[in-house]
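Only one structure is covered here, and it is reproduced in the block below.
The values are calculated or read from the model by the stated rules, or taken from the named source; none is laboratory data. Predicted, not measured: the structure shown is a model, and the values here were computed from it. Here the Cβ positions follow ideal geometry from the backbone for every residue, glycine too, while neighbour counts run over all protein chains shown.
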Amino acid sequence: MRCRASRWSSSPSGSCTKKPALGRCAPSSSRCSSICATPCPSIRRVDRSRSRSARPASRGKKSQSSPPSPARTRDPRRRRKIRRSRTRPRIPARRAASVSAPRRAVPSVHALSREELAELGQELGMKPFQLRQLTQWVFEKGLLDVEGASNLSKALRARLAERIHFSSHKVLQRAPSSDGSTKLLLSLEDEERIEMVLIPEGERCTLCISSQVGCPVACVFCASGLFGVRRNLAAHEMVEQFARAREELGKERPLTNLVVMGLGEPMLNLESLLSALARISDPEALAFSPRRITVSTAGYPHRIRAFAERGRGYELAVSLHAADPSLRKQLVPTAKHEPQELVQAAQYYHRVTGREPTFEYVLLAEKNDGELQARELVTLLGKVQCKVNLIPWNPVPELVGELQSPSEERVHRFEDFLRHGGLKVTTRRHRGRDKDAACGQLRLAAE
C-alpha cells in the first residue's frame with residue numbers, strides 16, 4: 001500500500017513505516033492503520049485530485065451541465081489580509097514643500113549658526129556663491145538691514161526679507177552729548193527697552209552694552225534697577241548692539257573697546273553672554289579682540305570662577321564700592337557675599353586667565369569717599385595684583401537726595417591716598433552728564 005499524501009511506502013500490515021512531515025499519513029481510506037488512528041488532512045488533497053480527473057478535457061467555457069468544481073481552499077489569514085488591502089483608501093502623493101513657506105519662526109539672522117544659515121539658503125534655492133556672500137554679510141560685517149547687501153540680487157533680498165529679519169531692535173532715540181558720547185535707546189521685539197552708549201576718547205572709542213532688560217542688583221545709586229529686571233537678553237540681542245555701534249561709527253572711526261556695563265548683571269545671564277562674546281570675538285566672524293572686551297559684575301564668586309574657566313581671557317571688572325561689608329550692604333542691598341570673597345574670586349580669575357582684574361569704586365560724597373574708606377580699601381587690596389577704577393557718581397535726578405557727587409578735591413584726595421598705599425588707580429571722567437548718560441537714565445526718562 002502507498003500513501004497518496006506521502007512519498008513513504010507502508011508495510012504489508014497497512015501501517016506506515018515512516019511518518020511524513022505532518023506527522024500523519026493517509027492511505028486511500030479515511031484512516032491509516034492502528035498506529036495512525038487519527039484523521040489525516042491530506043484526504044482533502046486526495047479528493048481534489050480525484051475531482052480534477054473528473055473535469056472535462058476542454059479548457060474553454062464550462063457547460064451548464066458540467067458539475068461545478070469544489071472551491072479552492074485558501075489560508076483564511078491571507079483572505080482577511082487581501083480584504084483589508086482592498087478597502088484601504090489610496091493615499092495621494094505628497095507634494096514638495098514650497099520654498100517660500102517658513103518652517104519655523106526665527107527672531108533674527110544673527111541668532112543662526114553657519115549651518116542653520118546654510119540650511120536657510122538651501123530652502124531659498126540660493127547658489128553656493130550667493131550663500132558665501134550672505135554668510136560674509138551676516139558673520140563678518142554684522143548686517144542689520146538686508147537692503148545693505150548690495151551684491152545680492154533684489155529678488156533674493158526680497159525673499160530673505162519675507163523669511164527672516166536682520167535686526168531685532170529699533171533705534172527709538174539718539175542722545176548725543178557735548179563731550180562726544182552718544183547714548184542710544186533701543187526698542188526690542190517685545191517692546192522692552194535697553195540702552196547702549198558710545199564713548200569716544202582720543203583715538204579710542206568704547207561701546208557699553210546691556211545684558212538684561214533692567215537690573216536685579218538694585219544699587220542705591222544706579223537708575224538701572226529702579227524697575228527691577230524684566231528678562232535676560234538673548235545672545236543675538238547683544239551681538240546686534242555691537243553691530244549697531246559699528247554701523248553708527250561707520251568706517252571713519254573704528255570701535256576699540258567693548259564693556260558689558262550697561263543694564264543688567266552679566267553673570268546672571270552667563271550662557272547668553274558667553275555665546276555673544278564668542279561670536280563677537282570669533283576670528284572668522286566679527287573678529288574683535290577678546291583682550292579689548294571687559295565684563296563688569298556686582299559680585300557672584302561662583303559665577304566669576306565659571307566665567308574664568310569658560311571664557312577666552314576677557315577682562316574682568318568687579319563692582320566693589322566699599323571694603324567694609326556693612327557699608328557695601330547699604331550701597332548694594334542685594335549683596336550676599338563679603339568683599340573678601342569677591343577678592344578671592346578675582347584672584348582665581350587672574351590665576352586661570354592671566355588677566356589682571358579691575359575693582360570699580362563709585363565715589364559718593366560723605367558715604368564712601370573719606371580717608372577711613374580709603375584706608376580700608378588699601379588693607380583689602382594692598383597685596384592683590386589688580387587695578388582700581390574710581391568713578392565719581394553721575395547724578396540721577398530720581399535718586400538725588402541723600403546721595404551727592406563728590407567734589408574734585410575729595411576725588412583727588414581719595415586717589416592720592418590709594419596711590420600712596422601702593423595701588424594702581426585710574427579715575428573715570430564724567431561723560432554725557434547733559435544727556436542722561438548714567439546707566440538706566442535714558443530708559444528711565446522714556447518709561
LYS154: passes all of (1) touching a Lys or Arg at 6+ places or on another chain (Cβ under 6 Å); (2) surrounded by fewer than 13 Cβ atoms within 10 Å (Cβ to Cβ); (3) not small (Gly, Ala, Ser) but (1)
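Would you mind listing the strands (runs of 3 or more DSSP E) fully within the range 276-386 where at least 1 residues are under 24 Å from the mean Cα position of the chain (by Cα)? Can you show your working first?
Numbers: elements: 293-297, 315-319, 358-363.
Answer list for the range 276-386: 293-297, 315-319.
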Picked from the range 174-201 (must be acidic (Asp, Glu) and assigned to a strand (DSSP E or B)), the residue surrounded by the most Cβ atoms within 10 Å (Cβ to Cβ) is GLU195
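Yes or no, residue by residue, for (1) part of a loop (DSSP other than H, G, I, E, B); (2) of a type outside the set (Phe, Trp, Tyr); (3) touching a residue at least 60 places away in the same chain (Cβ under 8 Å):
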| residue | (1), (2), (3) |
| --- | --- |
| VAL239 | no, yes, yes |
| GLU248 | no, yes, yes |
| LYS251 | yes, yes, no |
| LEU255 | yes, yes, no |
| LEU270 | no, yes, no |
Residue check for ALA149: surrounded by 19 or more Cβ atoms within 10 Å (Cβ to Cβ), over 29 Å from the mean Cα position of the chain (by Cα) and in contact (Cβ under 8 Å) with a residue 12 or more places away in the chain: no
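For the range 293-328, how many residues are of a type in the set (Phe, Trp, Tyr) and closer than 27 Å to GLN373 by Cα? Quick ask: steps written out before the conclusion?
Residues of the range 293-328 of a type in the set (Phe, Trp, Tyr): 300, 307, 314.
From what's left, closer than 27 Å to GLN373 by Cα: 300.
Going through the range 293-328 one residue at a time, the tally reaches 1.
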PHE139 vs (1) under 21 Å from the mean Cα position of the chain (by Cα); (2) assigned by TED's automatic domain parsing to the domain that holds MET261; (3) crowded, with 17+ Cβ neighbours inside 10 Å: all pass except (2)
Practice item. For the range 108-117, indicate whether the set of residues that are under 22 Å from the mean Cα position of the chain (by Cα), touching a residue at least 12 places away in the same chain (Cβ under 8 Å) and surrounded by fewer than 16 Cβ atoms within 10 Å (Cβ to Cβ) is non-empty. Key: yes
Note on the range 318-346: residues at pLDDT 95 or above, of a type in the set (Ser, Thr, Tyr) and either touching a helix residue (DSSP H, G or I) at 6+ places or on another chain (Cβ under 9 Å) or within 13 Å of VAL217 (Cβ to Cβ) (or both) are SER319
Considering residues that are touching a Ser or Thr at 6+ places or on another chain (Cβ under 9 Å) and of a type in the set (Asp, Glu), the number found within the range 260-277 is 1
Residue pairs within 7 Å by beta carbon, gap of at least six or interchain, first lying in the range 294-311 and at positive phi, second assigned to a helix (DSSP H, G or I) and buried (at least 23 other Cβ atoms within 10 Å of the Cβ), listed first then second, are GLY299/LEU342
Checked PHE288, PHE227 against criteria (of a type in the set (Phe, Trp, Tyr), more than 24 Å from ARG355 (Cα to Cα) and either assigned by TED's automatic domain parsing to the domain that holds LEU184 or crowded, with 24+ Cβ neighbours inside 10 Å (or both)); the one match is PHE227
Across (1) part of a loop (DSSP other than H, G, I, E, B); (2) in contact with a strand residue (DSSP E or B) (Cβ under 7 Å, 6 or more places away or on another chain); (3) modelled with pLDDT of 95 or more, GLY422 clears everything bar (2)
Those residues of the range 157-173 which are surrounded by 17 or more Cβ atoms within 10 Å (Cβ to Cβ) and of a type in the set (S, T, N, Q) amount to SER167, SER168
